[in-house]
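Report on the structure given below.
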């Protein structure tokens, strides 16, 4: 009877080691995917408008898991980072002095039209897009 108990404990212990190792590998893969997420956002800024789209493009099947891991790793919610990146890109394109129309800039950051660009920029900065035109 003692032998059966010891054998059972050994099996449980070995499963817990394997389980712990599997979790560690899983976490390492997710951290790798989080680093990939920033590259994905930069390269697909015009296509990604929701955190769920960003999570899927980064290889996550669950948006909540992506958001939780992202927040734990970077210290900010993914929606906040995504909006900041879009705003930075919009202001960069507006202030570059190039001849892009507001419609083209709106499409470059994933907005539908000039009106959406206006509401986005004005809502985040308090200034309309025209305020940034030609400013460096």
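The numbers here are math on the coordinates, done by the rules we state, and not lab data. All of these numbers come straight from a predicted model, not from anything done at the bench. When we count neighbours, we look across all protein chains shown, and the Cβ atoms used for this are built from the backbone with ideal geometry, even at glycine.
Tabulated values for the structure
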item	result
Ranking of 113, 49 by count of other Cβ atoms within 10 Å, fewest first	113, 49
Pairwise label distance in nanometres, residue 101 with residue 44, each label 7 Å out on the Cα-Cβ vector	2.8 nm
